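Some notes on the structure that comes next.
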Amino acid sequence: MRIGETVKRHATRVGLSAALAACVLWPIFSIRQSWLRWPFAVALTLTALSGLVILAVTVSDLLTIRRSRHARPARAFDLALGVVLAIPASLGLIDLLG
């Protein structure tokens, strides 16, 4: 197994866990903003960074390794997952800290 695939798998697990934590913290944060600001920011940061790692590994894989047509749908899913994790979390983090 290649190192990139292992990194992508771990980044997916961390990203989805952090996204779930951010989704759980979000309604509570809207009520009690003072003490949940930093845990919410950490969850958003982990989500965004995981999405960026997934995107970087997938783009690197697409540029360096020739794959058959059958692997393209999996790479498209990886790209979509990276975007879905990275962009909303980044925008939320900018709004939270900005």
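The values are calculated or read from the model by the stated rules, or taken from the named source; none is laboratory data. Computed from a predicted model, the values in this text were never measured in an experiment. Here the Cβ is made from the backbone with ideal geometry for all residues, glycine too, and neighbour counts use every protein chain on show. Ligands, DNA and RNA are stripped out before the accessible areas are found, and what is left, the full protein with its side chains, is counted by its heavy atoms. Shrake-Rupley method; radii C 1.70, N 1.55, O 1.52, S 1.80 Å.
Have a look at 7, 24 and point out the one that is in a helix (DSSP H, G or I), touching a residue at least 40 places away in the same chain (Cβ under 8 Å), touching a helix residue (DSSP H, G or I) at 6+ places or on another chain (Cβ under 9 Å) and open to solvent by 40 Å² or more (accessible area, probe 1.4 Å). Don't jump to the end; show me each part of the working.
Working: 24 fails: touching a residue at least 40 places away in the same chain (Cβ under 8 Å).
Going through 7, 24 in turn, the sole match is 7.
Listed residues 68, 90; which is of a type in the set (Gly, Ala, Ser) and surrounded by fewer than 17 Cβ atoms within 10 Å (Cβ to Cβ)? It would help to see each step written out before you state the result.
Working: 90 fails: surrounded by fewer than 17 Cβ atoms within 10 Å (Cβ to Cβ).
It is 68.
Looking at segment 27-38, can you tell me whether even one residue there is at pLDDT below 95 and within 15 Å of the chain's Cα centre (by Cα)? Looking through segment 27-38, none of the residues is at pLDDT below 95 and within 15 Å of the chain's Cα centre (by Cα). Does residue 37 fit the bill of being in a helix (DSSP H, G or I), open to solvent by 40 Å² or more (accessible area, probe 1.4 Å), touching a Phe, Trp or Tyr at 6+ places or on another chain (Cβ under 9 Å) and among the basic types (Lys, Arg)? Yes: the conditions hold for residue 37. Residue check: residue 66 meets all listed conditions (1) free of Cβ contacts under 8 Å to residues at least 40 places away in the same chain; (2) assigned to a helix (DSSP H, G or I); (3) not acidic (Asp, Glu) but one, namely (2).
Restricting attention to segment 46-78, the residues that are under 9 Å from the mean Cα position of the chain (by Cα) and either farther than 17 Å from residue 9 by Cβ or hydroxyl-bearing (Ser, Thr, Tyr) (or both) add up to 3.
Quick check, is residue 49 under 27 Å from residue 97 (Cα atoms) and open to solvent by less than 80 Å² (accessible area, probe 1.4 Å)?
So residue 49 does not fit the description; no.
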